[in-house]
1. What spacing in nm lies between the two simple spin-label points modelled at ALA186 and ASN303, each 7 Å away from Cα in the Cβ direction?
2. Rounded, prolate or oblate: which fits the stretch 148-234, taking a ≥ b ≥ c as square roots of the Cα gyration tensor eigenvalues, rounded meaning a/c under 1.5, else prolate when a/b beats b/c?
3. Once you place label points 7 Å from the Cα toward the Cβ at LYS233 and LYS392, how far apart are they in nm?
4. Straight-line reach from LYS93: which lysines fall under 27 Å, measuring Cα to Cα and dropping same-chain residues less than 8 apart?
5. Using the alpha-carbon centroid of each, what span in Å lies between the stretch 52-102 and the stretch 131-165?
6. Select from the stretch 168-251 those trypsin sites (Lys or Arg not before Pro) which occupy a DSSP coil region and have at most 10 other Cβ atoms within 10 Å, ordered by residue number.
7. How much length would be gained if the chain were fully extended between ASP126 and VAL87, taking 0.36 nm per residue of separation minus their Cα-Cα distance, in nm to one decimal?
8. Can you give the accessible area of HIS39, probe radius 1.4 Å, in Å² rounded to 10?
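The values are calculated or read from the model by the stated rules, or taken from the named source; none is laboratory data. Predicted model only: the values in this text are computed from it and were never measured. Counting neighbours? That spans all protein chains shown, and the Cβs are built from the backbone with ideal geometry, glycine included. Remember, those area values only see protein heavy atoms, side chains included, never the ligands or the DNA or RNA. Shrake-Rupley method; radii C 1.70, N 1.55, O 1.52, S 1.80 Å.
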Amino acid sequence: MIAMTGSLPNSDLVSNNALNNNVAPNLADGQVVRNATLHILLAAMRVMSRSTGVIQVETKHHRWKLLLRGGGLVLAEEEGQVIPTLVRKYNNKGINFSRIPEWEQRQPNRPYCYPFVSNVYKKYPDITKEVLKEIVLENLLALHLEDNFSFVWQPAQDLKTDLPILQLSMLENAIANEVKQWQKFACVKHPYQVVQLVDAANLLARVGNDNFPVFAKVTTGQDRISAIADTFKQPTYRTALLLDKLAQKNIVSILPLQERRSEHEIGARYFVNLPVATKNEPKVFIVDDSPVLLQQMQRLLTNWGYQVDFTDNAEAATEKILDYKPSIVFIDINMPSLNGFDLIKQIRRQRDLSTLSLVLVTAENSMTNNFRARWANCRFLAKPRSSSDTPKFRDELRNLLRELAPLSTDTLV
């Protein structure tokens, strides 16, 4: 039986039973349904699409707003990804925006982007139709590849829109066929998974010199498969198929979905997308001669909320560290001209850096390196040697940062 939030009358259980039996449920405004299957969610969407309003949907990984009207879906947007997804899709169609307006996000029965999209639609109707269809299909695919949903209905009978309506029956048929193809992948499970480059040499051999820089840029553990597909202007399934093959050869790692962090409960009066604040958060400095690793680390740590700077020149690192004043420094061992241990000696000679937290990062996870790191009053972190090591490395890195340079949002035990 589906659990309902709050203290609801017994009549709401009738709605729940009706939903399970595909009978039109009478969902009350603001009533939250939890622990629902995809089948139940889709049944609710079919019924509620006869009216106009927003159904908010969440799983443990993601949250969406879906604007329903006239038996179909008008807009679909994922919390935290509305702006980058729209801009990326429009850019691929040749439309670039000099400025993105501030969007009102405090209306639970309005999509965040509704006013913006409506204005663009007036000027570029055909392109907007294509963009909205791509976004709707992308979000529905992601939704179909998850389970255990919570959702709430917010009617908006006063909302007048000229945006095109995509019929749910057509969308469900299209997505059902694609889901079957995605379920055949060995490593890829979801279009919102991110990709981490593991073996640059073999990737170069597979994609060639011309494509390697782009592939290296989007395989830093930050870009989603769906966004990578947009970068190469090809269908998401085709990109996923290529990445699945690369993952099977341990050239890239497909990272698992991260559980969603939210400051508010579904069904709350305000459904707000809160940006990650980096101002006044700890500074991290990275010294490594690998451009790929520098980019991967920078994007990962910035996404977590840290301020990040780096250098690939070990000889210039001490001066840069003195100027940047970081809370913690990550140092590679094997670098040309000056290795990590010699750099540590330089850093420790500086009075202002004598107590600075230093972490040696290397793929050579030997007892000797561990001992030398402790002797130099440093911590030690082993780089992942294969795709299976990547999740462990990220966890160890995050735990180490929580201890030595915690974010304002971290709770230390």
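1. 2.4
2. The shape class here is prolate.
3. My value for the distance between the label points is 4.3 nm.
4. Leaving aside lysines fewer than 8 places away in the same chain, those within reach of LYS93 are LYS65, LYS122, LYS123, LYS129, LYS133, LYS160, LYS217, LYS233.
5. Distance between centres, Cα-based: 8 Å.
6. Working: sites: LYS180, LYS184, LYS189, ARG206, LYS217, ARG224, LYS233, ARG238, LYS245, LYS249; in loops: LYS184, LYS189, LYS233, LYS249.
In loop regions of the stretch 168-251 (DSSP not H, G, I, E or B), the sparsely surrounded trypsin sites (Lys or Arg not before Pro) are LYS184, LYS233.
7. Working: separation 39, 0.36 × 39 = 14.04 nm, distance 1.62 nm.
That pair, ASP126 and VAL87, stretches by 12.4 nm at full extension.
8. Per-residue accessible area (HIS39): approximately 100 Å².
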